[in-house]
1. Only Lys, Arg, Asp and Glu count, each charged at its Cβ (+1, +1, -1, -1), so figure out the dipole size of chain A about its Cα centre, rounded to 20 debye.
2. Calculated from DSSP H runs of 4 or more alone, at -39500 (n - 2.57) each and per residue, what is the 222 nm mean residue ellipticity of chain A, nearest 500?
3. Can you give me the long-range amide H partners of A:GLU47? Hydrogens built in the peptide plane at 1.01 Å from N, cutoff under 5 Å, separation of 5 or more residues or another chain.
4. Before anything else, pin down the relative contact order of segment A:148-311: Cα pairs under 8 Å, at least 6 apart, normalised by residue count, whole percent.
5. If amide hydrogens are placed 1.01 Å from N in the peptide plane, which non-local residues have theirs closer than 5 Å to the one on A:TYR261?
6. Can you tell me the FRET efficiency between A:ASP292 and A:ALA36 if r is taken as the Cβ-Cβ distance and R0 is 45 Å, rounded to the nearest 0.05?
7. Of A:PRO133, A:PRO94, A:PRO205, which is the most mobile in a GNM of chain A whose springs link Cα atoms less than 10 angstrom apart?
8. Can you list the HN-Hα couplings for segment A:47-56, worked out from phi with the Karplus curve (6.51, -1.76, 1.60; θ = phi - 60°), rounded to whole Hz and with x for Gly and Pro?
Amino acid sequence: MGILRIGHVSLRVLDMKAALDHYINVIGMYKVMEAANGHVYLKCWDEWDKYSVILTEDKEAGMNHLAYKVEKDSDLDDLKKKIEAYGIAAKIMPEGTLPSTGRMLQFNLPSGHDLRLYAQKEYVGTEVGTTNPDPWPDNKHGAGVHWLDHALLMCELNPEKGINKVAENTKFCTEVLDFFLTEQIVVGPGGAIQAASWLARTTTPHDIAFVGGPRNGFHHMAFFLDSWSDILRAADIMGKHKTKIDVAPTRHGITRGETIYFFDPSGNRNETFAGLGFLAQRDRPVSTWTEDKLWTGVFYHLGEPVPSFTEVYT
Amino acid sequence: MFYDSRPKFQVSVNQTGEVYACAVGESLLAGMIRLGRRGIPVGCVNGGCGVCKVKVSAGRAEKLGPISRAHVTEDEENQGFALACRFGPASDLSLDVVGKIQKAFGIGLSK
């Protein structure tokens, strides 16, 4: 089966106290564990594995690593062989490298981003349990996000120097990790340059995405909400907490997601993403957005460039 | 413009000639945004992304919060470099904009 879904993001923050206030009281996560090294682990109410975000206090903002869960422990060995055969170094990190987590397969994407795969993480259950579960728990707070939904990585794209890490990552993720392409942006003469891509393993429009920019980095991680009214409520909470909103509630053309982009107190971008969008399937034809309409793809209502979206990231 | 009684210092952006009044305890970037002015690029406004990097060429600024060392090293900070979102005025001051918003999607790279 291979990769099931996104597992967690390990993120650098400049001020742990401010970060915890944001991820708990604005996003609505729960602190589940603090390691001896000061790293803090958090989860969302509708997640059943122990954590989905690791916060590490550092002198720089940005992402340490991104992890996906695979179905079987043997998938790690199978994927290690496939990754190495593709020409990328991969290593097994032993169980306990991260607390409550089994062994991890570590490698870098062609862009250089640190990716991890694991099969086991401690089961703790959702906040509503499995017996006659309520639709949401009484201790829901903040925006009350359901789960970590996806991540978007900025990848170096410099056609003049022949560098396109978006295309390299897309090829690697489809050929080796068995993601499938759902949507893409193409630019340049004849649309020859793949400038952004959205890929899925589940039935959501994307589990990972790559956008081309001047340098590699972390663009955002997104948390799932049910509906447009939940998006409005989330924006109210951000107003109440003076959260820096990057892009106020709107809809993406690409993925059809209902969205807010905002920054955590260290400048790492977050998204609340609502709606099914469409049913992602391997045999669904890929949607392509062209250079002249790409901003309609990114923000469907205004369809105008928002420079911060593509050029501000950690 | 609403009346704003807070004590302020004058901030001058050398490249654009823009001059605005920034309140004590308010960041250089927040003061600019509050007045609807332009000149310093606006990014995360939280010390992480680095697009609002400036160099104070005259006067003094005070630090209001942590900044990412990926964008301003300690040496640079001692030389007067700052992120406008995390520094406020400690006197009237002049600054040069250093941060730059770069093109993405591979478009306009040759410009």
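1. On the way: 32 positive and 41 negative charges, 56 e Å.
In debye, rounded to 20, chain A gives about 260.
2. Details: 6 runs with 53 residues, N = 314.
The helix-only estimate for chain A comes to -4500 deg cm²/dmol at 222 nm.
3. Those qualifying (amide H under 5 Å, at least 5 residues apart or on another chain) are A:GLU127.
4. Numbers: 361 pairs, mean separation 40.5, N = 164.
Answer for segment A:148-311 is 25 percent.
5. Here A:ASP246, A:VAL247 satisfy the definition.
6. On the way: r = 54 Å, r/R0 = 1.20.
The pair A:ASP292/A:ALA36 has a calculated efficiency of 0.25.
7. Judging by the Gaussian network model, the answer is A:PRO133.
8. Those phi angles translate into 8, 9, 7, 4, 8, 9, 9, 10, 9, 10 Hz.
Where a number appears in this text, it was derived from the coordinates with a stated rule and is not lab data. Keep in mind that what you see is a predicted model, and the values were worked out from it rather than measured. Here Cβ is always computed from backbone atoms with ideal geometry, including for glycine, and neighbour counts include all displayed protein chains.
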